[in-house]
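Take a look at the structure set out below.
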Amino acid sequence: MKPSLPKGTRDFSPDEMLRRAHIFDTIRTVYQRYGFLPIETPAMENLSTLEGKYGEEGDKLLFRVLNSGPVLDQVKAAGSATGMEMLTEKGLRYDLTVPFARYVVMHQHELTFPFRRYQIQPVWRADRPQKGRYREFYQCDADVIGSDSLLNEVDLINIIHDVFDALELGVKILLNNRKVLSGIAGVLGEQERIIDITVAIDKLDKIGLDKVNEELKGKGVSETAITRLRPLMELKGSNGDKLETLRGFLAASETGRKGIEELEQILSYLPNERQVEIDITLARGLNYYTGAIIEVKVNDDRSAFTSSICGGGRYDDLTGIFGLKGVSGVGISFGADRIYDVLEEIKGFPDFSTVSTRVLFANFGEAEARYCLGLLQRLRNNGINAELYPDAAKMKKQLAYADARKIPYVALVGTEEMKNGQVTLKDMQKGEQSTITFEELLHVLK
């Protein structure tokens, strides 16, 4: 059988893993700098935990896990509808936020609130695979739960700046507020279609204004409402200009005015060099957002990438679904796989040659190998990555191994070197070699 992978999944080579680790370590370091602590949750959740949290379109993308073994016999004995429920009572997690809400409810008596957590784990979505979009991918989440202070949103925006500054990638941070969207729907007389409206306008960048209007009309939104909505979807100018337009449009909406106040307060906390751009069409299509909505897109001349690489928002009642009322939370999620693709595209990864093996000790035989083991340990104790070729193979083969692995130095220790307490060091790039002491070897490798 020819080996293959399921669509939308990937293997990762050692080089790729070093680059991915660079992204994860950067994000993890910044999270910890802001006082966030790590947790993990299972890959599988009960379907009752997942369903209904991501909107109608999100539910369609859930991977359902089929039970097997003795359960199949029970399914045969049950009716078709009941049987299918028994077969698919679990699902792979779609994101990390809903499992986190479930975690908080189950462990609420063990946690100190506000609870600041980060989580770096894979998620699964039954999406159509394409460039930058996978069925299995990692999310890197940070959430603060148990506080409704907008200072938490400010922290998260600063985290985004810090991460992409460290990765040396130019980005644009977009900000909206669900209360503003709800107010707009109310002013349009279409409050009951708030989900349909937000899902549609969130696609503006992808499908264009005409297609968005077609979708709104198909969902039953009136022509009058669509006409009044159009100027907001085409809104340009500075953040101040946009807020001024919104104040006029939402003058009769208490909810909308509250959303504007929250946007203004967040902007007031941010220094000029860390500002964000208000985008009224930003909705992210998720049912659980109740306040701020954040999205990050690449804004770098070296990249043609247009998809979102980070996003998040405020959710005031997510834990209420699991029985814990009145707990507000806000969080963000970095799309590590998309960030990887962008950094790969712009050749933005650092040189990892110092991370892999710095020196390979050639193997001349049993006695030489035993002698080299002691030198290897001394190097490793000094923080230098080193290895011994495991077999006394021909020197050509050992040098070819070092060259293929991009190991910069090869140490040659034969009878003469052992006798004099020295090492002959070959520079693989220059093709030069010299005989030196161990202390000199340490200096070269460091």
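The values are calculated or read from the model by the stated rules, or taken from the named source; none is laboratory data. Predicted model only: the values in this text are computed from it and were never measured. Backbone-built Cβ (ideal geometry, glycine too); neighbour counts: all protein chains shown. Note: areas computed on protein heavy atoms with side chains; ligands, DNA, RNA excluded. Shrake-Rupley method; radii C 1.70, N 1.55, O 1.52, S 1.80 Å.
Screening the candidates 235, 209 for the property of being assigned to a loop (DSSP other than H, G, I, E, B), open to solvent by less than 50 Å² (accessible area, probe 1.4 Å) and in contact with a Lys or Arg (Cβ under 8 Å, 6 or more places away or on another chain) yields one hit, 235. Confirm whether residue 159 is under 23 Å from residue 277 (Cβ atoms) and either among the hydrophobic types (A, V, I, L, M, F, W, C) or open to solvent by 40 Å² or more (accessible area, probe 1.4 Å) (or both). Yes; evaluated as a whole, the condition is true for this residue.
Considering (1) closer than 22 Å to residue 296 by Cα; (2) touching a Leu at 6+ places or on another chain (Cβ under 6 Å); (3) open to solvent by 20 Å² or more (accessible area, probe 1.4 Å), the lone condition that residue 141 does not fulfil carries the number (3).
I'm checking my understanding of the structure. Among residues of the range 7-17 that are open to solvent by less than 90 Å² (accessible area, probe 1.4 Å) and not basic (Lys, Arg), which one is nearest to residue 405 (Cα to Cα)?
Only one residue fits best here, namely 15.
Where helices (runs of 4 or more DSSP H) fall entirely within the range 357-446, those with at least 1 residues that are among the hydroxyl-bearing types (Ser, Thr, Tyr), closer than 29 Å to residue 18 by Cβ and at pLDDT 95 or above are at 395-404. Restricting 349, 334 to those that are modelled with pLDDT of 95 or more, hydrophobic (A, V, I, L, M, F, W, C) and assigned to a loop (DSSP other than H, G, I, E, B) reduces the list to 349. Contact map, the range 345-364: residues that are free of Cβ contacts under 8 Å to residues at least 60 places away in the same chain paired with residues that are open to solvent by 30 Å² or more (accessible area, probe 1.4 Å) and part of a strand (DSSP E or B), Cβ distance under 6 Å, separation 6+ or inter-chain. Pairs shown: 357/387; 360/387; 361/388. Annotation for the range 309-328: at least one member residue is in a helix (DSSP H, G or I) and not hydrophobic (A, V, I, L, M, F, W, C).
Note on the range 420-441: residues that are touching a helix residue (DSSP H, G or I) at 6+ places or on another chain (Cβ under 7 Å), closer than 19 Å to residue 373 by Cα, of a type outside the set (Phe, Trp, Tyr) and in contact (Cβ under 8 Å) with a residue 24 or more places away in the chain total 2.
Quick grid of which residues meet (1) open to solvent by less than 10 Å² (accessible area, probe 1.4 Å); (2) among the acidic types (Asp, Glu); (3) touching a residue at least 60 places away in the same chain (Cβ under 8 Å):
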position	(1), (2), (3)
215	no, yes, no
219	no, no, no
222	no, no, no
227	no, no, no
246	yes, no, yes
290	no, no, yes
301	no, yes, yes
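Taking the listed residues 167, 174, 156, 232, the one that is more than 30 Å from residue 343 (Cα to Cα) and modelled with pLDDT of 90 or more is 232, with no other qualifying.
Of the residues making up the range 54-106, those that are surrounded by 13 or more Cβ atoms within 10 Å (Cβ to Cβ), in a helix (DSSP H, G or I), at pLDDT below 80 and among the small types (Gly, Ala, Ser) are 55, 83. Once the range 315-350 is narrowed to residues that are more than 18 Å from residue 99 (Cβ to Cβ) and of a type in the set (D, E, K, R), the residue that is least open to solvent (accessible area, probe 1.4 Å) is 337.
Selection of the range 27-38 for residues being surrounded by fewer than 19 Cβ atoms within 10 Å (Cβ to Cβ) and not in a strand (DSSP E or B) yields 28, 29, 32, 33, 34, 35.
Sort out which residues of the range 53-69 are of a type outside the set (Asp, Glu) and without any contact (Cβ under 8 Å) to a residue 24 or more places away in the chain, and write them in order of number.
The answer is 66, 67, 68, 69.
Selection of the range 181-208 for residues being in contact (Cβ under 8 Å) with a residue 24 or more places away in the chain and of a type in the set (A, V, I, L, M) yields 181, 184, 187, 188, 195, 197, 199, 201, 204. Close Cβ contacts (under 8 Å, 6 or more residues apart or on different chains) running from residues in the range 29-52 that are under 16 Å from residue 125 (Cα atoms) to residues that are among the small types (Gly, Ala, Ser) and surrounded by 13 or more Cβ atoms within 10 Å (Cβ to Cβ) comprise 44/91; 45/91; 46/91; 47/91; 50/91; 51/91.
From the list 409, 389, the lone residue that is over 17 Å from residue 443 (Cα atoms) and more than 34 Å from the chain's Cα centre (by Cα) is 389. Checked against (1) closer than 18 Å to residue 26 by Cβ; (2) open to solvent by 20 Å² or more (accessible area, probe 1.4 Å), residue 151 passes all but condition (1).
The condition (being within 25 Å of residue 319 (Cα to Cα), of a type in the set (Asp, Glu) and not in a loop (DSSP other than H, G, I, E, B)) is satisfied by just one residue among 244, 214, 153: 153.
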